[in-house]
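Okay, so here's the structure we're looking at.
A short reminder: the numbers here are calculations on the coordinates, not readings from a lab. Source: prediction; values computed, not measured. Backbone-built Cβ (ideal geometry, glycine too); neighbour counts: all protein chains shown.
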Amino acid sequence: MESSEDDGGEPLSRLAEWRDVTPLPQDDGPNPVAPIAYKEEFRETMDYFRAIYKADERSPRALRLTRRAIHLNPGNYTVWHFRRLVLEPLNSDLDEELDFIQRIANSNSKNYQLWHHRRWVVERLGTNVRAKELHLIKSILSLDAKNYHAWSHRQWVLQALGGWEDELDYCQQLLEEDIFNNSAWNQRYFVVTRSPFLGGLTAMRASEVRYTVEAILANPNNECPWRYLRGLYKDDIESLVNNHEISSVCLKPCQEFRDAVVALWTSDSLPLDPDLATAICGILEHVDSMRASYWIWRKNKLPVAA
Amino acid sequence: MATRDPLDFDIGVEDDEDGTPSPSSISPPSSPPSYFDRDRHVAFFEMLYNLMPYHYQSQEINRLTLAFFTISGLHLLKALDRVDKDRVVSWVLSFQAHPRSQAESKNGQFYGFHGSRTSQFPPDENGVSVHDAGHLASTYCALAILKTVGFNMLTIDKESILISMRNLQQPDGSFMPVHVGAETDLRFVYCAAAICFMLEDWSGMDREKARDYILNCQSYDGGFGLMPGLESHGGGTYCAVASLRLMGYIEDDLLSKNATSSIINVSLLLDWCMQRQAIDGGFQGRANKSSDTCYAFWVGAVLRILGGYKFIDKIALRRFLLTCQSEYGGFSKYPSELPDLYHSYYGYTAFSLLEEPGLNPLCAELGMTDLAALVHCFLFFQTDQKCCITALTLTIFDLSTRLLCGEKTLHRNRSLGAVKILFSPHNLAISVLRVCGRCTTLIML
């Protein structure tokens with residue numbers, strides 16, 4: 001099918017294979033705005049692409065041309081779209097296509113079109129490629145554990161194809177490597193709330209609270225576990241406020257650490273010791289001076305003591 | 001290196017993309033200027049408006065977006081005189097996809113604006129347009145450019161845009177940017193909302209479904225991810241909050257109004273936003289990540305919309321942004337790197353939010369100048385006494401007595417009536433109306 005070798009970057013006009021095609025230049029009009037000073041190779045490739053695209057030629061050479069265009073311009077969604085149109089009738093080997101995407105991803109791991117194309121291929125291959133996909137995403141995350149596209153793809157794979165069994169362990173591993181990785185905390189929340197194997201948030205809460213409190217005590221300066229803790233009580237804030245174990249954890253470092261107030265955040269309708277909250281806002285005005293006017297505003301919004 | 005869309009945020013940028021001069025090793029750090037170097041920025045953007053270096057060829061598919069940055073950027077810098085408005089209008093309009101008939105506008109394709117000439121061909125002998133389809137983000141940019149140069153939006157064929165845009169909305173309320181298939185996320189919900197807002201017509205989308213999708217994107221920590229379940233992110237949060245505001249689901253300046261019921265968890269959102277200002281004064285896009293110029297806009301604009309911008313440490317932010325200001329003009333993502341178009345644009349919007357003198361004020365919800373964002377409103381008026389002359393001249397000021405839209409002359413003897421006028425979305429309350437040199441009774445909208 002498609003050659004795994006690139007055609008060496010030889011100008012298309014010099015290749016015999018393309019002799020019958022008249023390249024279609026871009027019609028920029030008489031007064032283009034913000035024109036780009038295209039390099040020759042780019043301009044030529046896109047001129048040939050336009051010709052093939054307009055003629056709607058879905059052939060092996062068209063496939064090779066899209067590969068070339070993608071190398072030069074991986075953000076061009078029209079080229080990716082046409083490649084999909086060409087792949088179907090050619091009955092191409094989609095496993096090879098995954099390899100192709102992977103090679104492009106090596107230097108373009110943050111490109112929406114590439115990931116969308118990958119999704120398209122995986123949809124057609126189904127659960128057979130689930131393990132391979134999850135493994136690939138792991139390897140991309142090992143280079144950048146916060147790659148938003150990779151996480152988005154991972155969540156899609158889990159929801160579309162499954163594979164939840166080891167996901168909590170994976171989050172655990174990432175957090176051991178970097179407890180400050182907010183993407184890993186977010187994924188943990190995703191797994192805990194959505195995995196069909198874990199029983200949901202309420203069932204998991206007790207063990208998650210233990211884990212999170214440990215993380216807080218190890219690094220009270222880390223915003224992530226504080227927010228995660230509050231997230232565990234998303235629709236049940238009263239339980240959080242009434243939990244003495246948590247309160248004592250929160251209050252222990254509050255003299256020194258600015259993030260303490262996060263866990264004490266509550267809605268206006270619940271009773272709260274105004275003196276304590278007032279005192280904490282007062283402290284924060286000084287230790288978190290960047291947000292001083294915010295803490296003053298928060299203090300003024302506290303319910304007045306009876 | 002510039003990213004693809006205005007909404008590609010931080011997650012679309014590669015550090016070592018092909019063609020980019022290696023940023024970190026170029027020049028030794030010199031002491032940054034302590035002021036916003038407007039003249040240099042104007043020169044930089046004027047250069048890009050006239051010609052983009054080849055490094056931007058990988059952005060080819062988003063030509064309209066690149067043009068939007070340069071034109072709107074010059075407008076922010078009060079240098080729109082560098083732009084040939086008529087030329088811009090005809091160029092932008094040439095990107096519009098047109099159905100051949102009313103029926104065709106319902107055939108599933110999106111008749112918005114193309115982003116570049118890659119996918120746009122002249123129709124063949126039979127008048128058939130091959131692969132004729134627009135893109136939501138390009139359409140947003142096209143309309144934004146037209147508004148910026150003062151084009152009369154009432155002359156745009158908005159029907160085919162709006163009717164066909166509905167095809168792009170998914171059952172869960174999100175939007176696909178092109179009809180042939182692509183990722184769906186909050187960026188395109190925002191584009192759709194902004195398009196409807198600029199065209200002053202909401203028939204292009206189901207607002208309630210879009211609202212529901214947005215609400216599903218609010219994370220446990222108060223910010224919004226780009227899709228439900230994803231990590232909260234400065235760009236996603238902007239798209240969510242700005243969309244809700246444009247669609248009318250949240251009021252302006254929520255915090256001052258003590259709104260206890262709101263469809264989003266405002267207090268948690270506010271706290272999340274406030275925590276995004278890092279120790280170096282800049283804003284980060286996600287917890288525990290580096291500060292990046294553009295989030296001074298994405299997160300700053302959210303705070304502005306909510307009424308919480310006053311809480312940030314402006315001095316610290318300004319100091320950080322100036323370390324990202326380039327001696328060549330423009331801004332870079334991180335301190336002491338080479339500038340790119342995207343971060344430069346959002347650096348200017350950030351300085352506009354900081355009310356830097358010499359910059360035009362910003363419309364936070366649309367990411368462009370307040371002046372460009374003007375929309376029509378009806379103004380009802382009544383004079384104290386019947387005017388004896390045949391012409392009535394209305395001079396309209398906003399609350400701070402800034403002249404809004406000059407004079408509007410009505411050539412009839414009227415003491416009571418209505419007139420349609422352009423207003424800035426933020427200045428819908430008028431304080432003074434002068435009629436024929438005499439003060440009148442006030443007017444409501």
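Calculated on the Cα set of chain A, radius of gyration then Dmax: 27.3, 90 Å.
Once you list every other residue whose beta carbon is under 11 Å from the beta carbon of B:Val42, what net charge do they have if Lys and Arg are +1 and Asp and Glu are -1? Walk me through the numbers on the way to the answer.
Values: positive: B:Arg38, B:Arg40, B:Lys78, B:Arg82; negative: B:Asp37, B:Asp39, B:Glu46, B:Asp81.
Result for the neighbourhood of B:Val42: 0.
Working out 0.36 nm times the residue gap between A:Phe197 and A:Asn106, then minus their Cα-Cα distance, what length gain in nm do you get to one decimal?
Numbers: separation 91, 0.36 × 91 = 32.76 nm, distance 3.34 nm.
Length difference between fully extended and current span is 29.4 nm.
Within the shell of other residues whose beta carbon sits under 11 angstrom from the beta carbon of A:Val21, the net charge comes to 0, with Lys and Arg scored +1 and Asp and Glu -1. Shape summary: region B:51-172 maps onto an equivalent ellipsoid whose semi-axes, from the alpha-carbon gyration tensor, are 26, 17, 14 Å in decreasing order.
Suppose we take every Cα in region A:1-149 and form the convex hull; what volume per residue is that in Å³? List each step's numbers first, then the result.
Values: hull volume 19.9 nm³, N = 149.
Spread over its residues, the Cα hull of region A:1-149 gives 133 Å³ apiece.
Subtracting the Cα-Cα distance of B:Leu93 and B:Tyr334 from 0.36 nm times their residue separation leaves 83.2 nm of extension gain.
Relative contact order of chain A, please, whole-number percent, based on alpha carbon pairs below 8 angstrom and at least 6 residues apart. Mind dumping the intermediate values first?
Numbers: 250 pairs, mean separation 25.3, N = 306.
Once divided by the residue count of chain A, the mean separation gives 8 percent.
Put simply, the Cα atoms of region B:188-270 extend 33, 30, 19 Å along their principal axes, the longest span coming first. Taking the three principal axes of the alpha carbon atoms in region B:254-325, the coordinate ranges are 40, 21, 16 Å, sorted in descending order. With kT/(6 pi eta Rh) evaluated at 37 °C and eta = 0.692 mPa s, and Rh the Kirkwood radius from Cα pairs, region A:122-178 diffuses with a coefficient of 282 µm²/s according to Stokes-Einstein.
Calculate I(q)/I(0) for region A:199-240 by the Debye formula, one identical point scatterer on each C-alpha and no solvent, and give its log10 at q = 0.21, 0.29, 0.33 Å⁻¹ to two decimals. Ignoring solvent entirely, the Cα scatterers give -0.63, -1.03, -1.16. Expressed in units of 2.2 N^0.38 Å, where N is the residue count, the Cα radius of gyration of region B:97-252 is 1.06.
Can you tally the net charge around A:Trp156? Count Lys and Arg as +1, Asp and Glu as -1, for every other residue whose Cβ sits under 12 Å from the Cβ of A:Trp156. Cβ neighbours under 12 Å give a net charge of 0.
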